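Report on the structure given below.
The values are calculated or read from the model by the stated rules, or taken from the named source; none is laboratory data. Predicted, not measured: the structure shown is a model, and the values here were computed from it. Cβ placement follows ideal geometry from the backbone for every residue including glycine, while neighbour counts extend to all protein chains displayed. What goes into the accessible areas is simple: the full protein's heavy atoms, side chains included, and nothing from ligands, DNA or RNA. Shrake-Rupley method; radii C 1.70, N 1.55, O 1.52, S 1.80 Å.
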Amino acid sequence: MQNSIGGISHLSGDHVNEPFIITLSTYRTAKDNPPVTYAIAACETQNVSVSVLPCFGLNEGSCVTAKDMWGKMVQDGHFDRENFMKGPSMPSSPGETRCAAVSASTWVEPHGKCTVAFAVAWSSPKVKFCKGKAYRRRYTKYYGTSETAAKDLVHDALTNYPLWEEEIEKWQNPILKDDRLPEWYKFTLFNELYFLVAGGTVWIDSKIPAEDSSGIKSIITNNKKTKKTKARIVHRSAAIVKEAAVNGSDTSVNVDPVEGGDLASRRSSDEEESSTGGSSGGENRFSAPSNKLTEPVTNDDDVGRFLYLEGVEYIMWCTYDVHFYASFALLELFPKIELSIQREFANAVLSEDRRKVKFLAEGNWGIRKVKGAIPHDLGTHDPWHEMNAYNIHDTSRWKDLNPKFVLQVYRDFAATGDFSFGADVWPSVRAAIEYMEQFDRDNDGLIENDGFPDQTYDAWTVHGVSAYCGSLWLAALQAAAAMAIQLGDEAFAEKCRGKFIKAKAVFEQKLWNGSYFNYDSGSSNNSKSIQADQLAGQWYTAASGLPDLFDDQKIRSALQKIYDFNVMKVRGGRMGAVNGMHPNGKVDETCMQSREIWTGVTYAAAATMIHAGMKEQAFATAEGIFIAGWSEEGYGYSFQTPEGWTTDGHFRSLIYMRPLSIWAMQWALSTTKTMLEPPKISTMDRCIPVHNAFLMIRNFFCLKNMMRRPCMLLSKPHTQTAPREKKAKANQSSNFCKGSGGVRASRFSAQYGAKVGICELPFHPISSEVVGGVGGTCVIRGCVPKKILVYGASFGPELEDAKNYGWELNEKIDFNWKKLLQKKTEEIVRLNGIYKRLLANAGVKLFEGEGRVIGPNEVEVIQLDGTKISYSAKHILIATGSRAQLPAIPGQELAITSDEALSLEELPKRAVVFGGGYIAVEFASIWRGMGATVDLCFRKELPLRGFDDEMRAVVARNLEGRGINLHPRTSLTELVKTEGGIKVRTDHGEEITADVVLFATGRAPNTKRLNLESVGVELDSATRAVKVDDYSRTNIPSIWAIGDVTNRMNLTPVALMEGTCFAKTVFGGQPTAPDYDNIPCAVFCIPPLSVVGLSEEQALEKANGDVLVFTSTFNPMKNSISGRQEKTIMKLVVDAETDKVLGASMCGPDAPEIMQGIAIALKCGATKAQFDSTVGIHPSAAEEFVTMRSLTRRVPACKPKTNL
């Protein structure tokens, strides 16, 4: 065994090893981090001889090396007995690895047998969280706080393991020997419990005690011992090693739940929570928190405080919407721990934390914890004191968390019959119900969803009444009424009953379609989807012994529909239940989560089927999870069951909490449980109190951007030396950053056989140094969301145009900016998921975090938790794009860039746009199309410098025609905040007042934090762009760059081309340089401009002879009826000598779609004669390009100068 807790802890020095016969007492501490002591032991009997090697090293210079150790074993089969007499080893030096070994040897006669028992134990009395708070682990209640407790732990393990094995068999045998249960089910039921011991749990004593290193209290002395055989226990301990952690000086805010959430105190994050305690009977006792919800009623009920992670990839403690599913395992096996968790959340309901948090999906700010709302989780770095680590959405607006709290509390109350628990949490139950009343906006008793993913399916949008949240609400009302009767609060019971009766009728009327409940009552294309989880409320109702929410026919019909469609139409039922399925038998592809199969939800659906008497369908449904996840023919997810997978087997989030819901099936199957008899609260009966009609369920307690950063080819991992750095476990060959170019390069390289890794920050619509997202600028905060807004802005003018086409628009038509913004966000979230799936399908490994180049063949990835991992690589590709820049103008902080413009909470009524490029004219068109007053200021005479001058003039006329105020040859000099808005001053002395000022004056290559110059990569001195050769290679042969970071031609399709060429050159054996000739592009102003090839000015500069210009100006057919005075302009530039078409331009409706076809012709070298010989499509605007016979002008070759 090696002295280590992972990472580089074995190299920190001062480790001590020591052999012992019975006892052990060696340790080291440093920097106040919690120490860890290890002990290994073997049991010496008459037939088994034990020997130890207390110390050897892995370094060549060690006195005894690993080679010596194995040589000794080969030669003698044991170590020297004299080793027992050796004292502690010398402390290890920094960088030295210290190990120890225990050997047990025996002779076994032919056909005989002998048991050789080894045990390993470790002791780490404290657990310390990132923000500084430390607590005593639960076992210290019985073993004391000394680090030498490892000796007692290993002793008890060797002494008691036969008894423990016997108890485990007694627990498992009733299930394992039940012939009515499928073998796969027995196998999976127990194996899914791996999650509780997979390293993601923290169990502490109720309060951290004062330092106590005196005396070890063995569990053996407090319990009946089995008769010992004569044996000698030989221990060896690794030294105590301190877990590497960064000690910060942050402060934590403690929230007083009793006083309604006022900030009660502020303390240093390095200060441990402690309390003084007396002693009783030789055992330390410590005062518990004063709040009744966290203060045990009796010592027997004091089980400490328990945390378990949502998953190893979603690091949040006790995530409540997921615990809703997993909690059946705790209630069945460890009911007092389950009650303690519910007390924690009941305590949280009445608390408030007003610290500000930004919610990533919507981009708005709110407070961390709202009073009356169930927190999503108990936190990450400061659990219990800083809840709601989840910040994608504002979970105080979620519609499932509060009902889930009420349902879990009632189920646990009814199952345990613990009236003390029920009385303590009852105020929180009432508060949770009352909080939800705000979401019943039409006073029909039923809550409504708000048109965003306000539920555990946090990417699956819900509109109006939903089957999932609505059924949970109905069940919660029924459970609250039942609990109110049991606790004597009859007025509240009557209130809940009235709401239940009213809401149930509305729910069925809006969602029941004759065979199942629709996904929601909206009008989206997935509103009629069959959701696997549509009966979540009925599941808990049945599990709690309450009357069914709906009549039996409806329940069985809906479950049969789920079985027939969500289960059997996906690989014949061999994968589980897909979350969403259209009634036509096609998987609902609305979002990532609708098309996923969630393991825990499948088990929950199976449990609901068991409650409904559909055992055959239930086991067939759940068996799909076994087949896909656990069986030999599956995907190999044994003991790491993910949250879900897609129909093609790609997983998301390994080692996840929710699959513990398989114990809900066992709960449904059990016939031995008795519950509190529920009061009758059907729609026909009045609530009738039933007093003391309960039995205990079981009375035993037994013991889980485009952040544009460097991306590289990966190979062997490198060991790091920083305090929180780790070794990389991957063995990959390549890694790229991921805008469109990076994703393309990654996928194509992987197709050529490269092992590819890619680095990106977490998704957010607005980029920064800490957030980004797979897909990059174009997909998340560029072309795609911008064009969605362009479409939205186009409908307003078209509604006016529609009047002359006979449409009578009698009612006032309003524009809802927030609705469009939400739809836009949903779309980019969907695309972000698609990009991730494309990478996963190609075998590309995604690393979330910030990357930087630290050597010609080495990259460092700083993960979200601050851990640093270093990778070496044969090739490194930089595809980090560019970032919007703000010009140095006084008051610039009052302005926004295009990132923020795509996510504004309110549509501006007055806007000033500074800039004359793509982004400036596009946003001017968008905001004007939505009704805002827009002033467009630019430095030149015309906007769109670099485009054909004639077409620039056309765009300017169209912008003015649409009502945009143009300010040519104008610069801004100052922005000033006033009561009336932002006052904008120009260099002409003008003053314009606006709600929003957009700076669209350019973008800069994103190289700032990449550390490129320190490794020798040459950057452009003016732009900071990465300099590359014709093949995208930098001056460092192993480092390449593509896309906007090189500042060549900054267009998404160009980055895609460059990524393709990179993959061909580096991995495909086909050296390919990007071709920048005849690249089409479009400006999505209204109407749009699109061009390909050379402008007239460029053609005159490059041509050897005269240039022919053909133009066509006409009124589009649509405008001839609508009356809109807006011309379409088309233009061809032709070489007079060769007749080759050099360039084409168009400004008018559908210009980009038309120009894409023209680009193919120019790429093929088409001549004007070939254009003329092409038959047009009539009637269409596009036919003008093949009917422009008349020459507009012939221009002699020259080098024209323009300052427009």
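Filter the range 459-506 down to the residues that are within 30 Å of Tyr390 (Cα to Cα) and of a type in the set (Phe, Trp, Tyr) and list them by number. The answer is Trp460, Tyr468, Trp473.
Residues in the range 138-153 include none that are open to solvent by 40 Å² or more (accessible area, probe 1.4 Å) and more than 30 Å from Pro383 (Cα to Cα).
Take Lys128 and decide whether it is at pLDDT below 90, more than 17 Å from Pro54 (Cβ to Cβ), open to solvent by less than 30 Å² (accessible area, probe 1.4 Å) and not aliphatic (A, V, I, L, M). Here the answer is no, as Lys128 does not meet what is asked. If you go through the range 486-497 and keep only what is under 15 Å from Val425 (Cα atoms) and crowded, with 24+ Cβ neighbours inside 10 Å, you end up with just Gln486.
When you check Ile374 against the structure, is it touching a helix residue (DSSP H, G or I) at 6+ places or on another chain (Cβ under 8 Å) and in a loop (DSSP other than H, G, I, E, B), yes or no? Yes, satisfied.
Residue pairs whose Cβ atoms lie under 7 Å apart, separated by 6 or more positions or on different chains, with the first residue in the range 1155-1168 and under 13 Å from Asp1075 (Cβ atoms) and assigned to a helix (DSSP H, G or I) and the second open to solvent by less than 10 Å² (accessible area, probe 1.4 Å) and aliphatic (A, V, I, L, M), are Ala1159/Val1092; Leu1162/Val1092; Leu1162/Val1141; Leu1162/Ala1144.
Within the range 348-394, the set of residues being among the charged types (D, E, K, R) and touching a His at 6+ places or on another chain (Cβ under 8 Å) comprises just one member, Glu362. Residue pairs whose Cβ atoms lie under 8 Å apart, separated by 6 or more positions or on different chains, with the first residue in the range 464-485 and on the phi > 0 side of the Ramachandran plot and the second open to solvent by 10 Å² or more (accessible area, probe 1.4 Å) and assigned to a helix (DSSP H, G or I), are Gly464/Lys510. The residue pairs whose first member lies in the range 514-531 and is part of a strand (DSSP E or B), whose second member is among the charged types (D, E, K, R) and at pLDDT 95 or above, and whose beta carbons are closer than 7 Å, counting only pairs six or more residues apart or on different chains, are Ile530/Lys561.
Yes or no, residue by residue, for (1) of a type outside the set (Phe, Trp, Tyr); (2) more than 25 Å from Phe421 (Cα to Cα):
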| position | (1), (2) |
| --- | --- |
| Gln486 | yes, no |
| Arg497 | yes, no |
| Trp512 | no, yes |
| Asn526 | yes, yes |
| Ala532 | yes, yes |
| Leu549 | yes, yes |
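Here Ala104 does not fit the description of being surrounded by 14 or more Cβ atoms within 10 Å (Cβ to Cβ), farther than 21 Å from Thr201 by Cβ and in contact with a Leu (Cβ under 7 Å, 6 or more places away or on another chain). Could you check, for the range 416-424, whether at least one of its residues is β-branched (Val, Ile, Thr), buried (at least 20 other Cβ atoms within 10 Å of the Cβ) and closer than 18 Å to Ser544 by Cβ? Scanning the range 416-424, I find at least one residue that is β-branched (Val, Ile, Thr), buried (at least 20 other Cβ atoms within 10 Å of the Cβ) and closer than 18 Å to Ser544 by Cβ, so the answer is yes. Name, by its number, the condition in (1) over 30 Å from Cys130 (Cβ atoms); (2) surrounded by 15 or more Cβ atoms within 10 Å (Cβ to Cβ); (3) in contact with a Ser or Thr (Cβ under 9 Å, 6 or more places away or on another chain); (4) at pLDDT 80 or above that does not hold for Phe84. The failed condition is (4).
Evaluate the following for Glu922: is it acidic (Asp, Glu) and surrounded by fewer than 20 Cβ atoms within 10 Å (Cβ to Cβ)? Walk me through how you get there before you give the answer.
On the way: acidic (Asp, Glu): yes; surrounded by fewer than 20 Cβ atoms within 10 Å (Cβ to Cβ): no.
Considered against the rule, which asks whether it is acidic (Asp, Glu) and surrounded by fewer than 20 Cβ atoms within 10 Å (Cβ to Cβ), Glu922 comes out as no.
Listed by position, the helices (runs of 4 or more DSSP H) inside the range 736-842 whose residues that are within 21 Å of Glu1058 (Cα to Cα) and open to solvent by less than 30 Å² (accessible area, probe 1.4 Å) number at least 3 are 740-751, 776-781. Might you let me know whether the range 4-20 holds any residue that is surrounded by 15 or more Cβ atoms within 10 Å (Cβ to Cβ), of a type outside the set (Asp, Glu), modelled with pLDDT under 85 and over 44 Å from the mean Cα position of the chain (by Cα)? Among the residues of the range 4-20, at least one is surrounded by 15 or more Cβ atoms within 10 Å (Cβ to Cβ), of a type outside the set (Asp, Glu), modelled with pLDDT under 85 and over 44 Å from the mean Cα position of the chain (by Cα), which makes the answer yes.
Given the condition within 52 Å of the chain's Cα centre (by Cα), at pLDDT below 95, of a type outside the set (Lys, Arg) and part of a loop (DSSP other than H, G, I, E, B), answer yes or no: does some residue in the range 1092-1114 qualify? So far as the range 1092-1114 goes, no, none of its residues is within 52 Å of the chain's Cα centre (by Cα), at pLDDT below 95, of a type outside the set (Lys, Arg) and part of a loop (DSSP other than H, G, I, E, B). Can you say whether Lys554 is open to solvent by 40 Å² or more (accessible area, probe 1.4 Å), over 12 Å from Thr608 (Cα atoms), among the charged types (D, E, K, R) and assigned to a helix (DSSP H, G or I), as far as the supplied structure shows? For Lys554, the condition - open to solvent by 40 Å² or more (accessible area, probe 1.4 Å), over 12 Å from Thr608 (Cα atoms), among the charged types (D, E, K, R) and assigned to a helix (DSSP H, G or I) - is not met.
Evaluate the following for Glu1153: is it open to solvent by less than 30 Å² (accessible area, probe 1.4 Å) and within 49 Å of the chain's Cα centre (by Cα)? In short, no.
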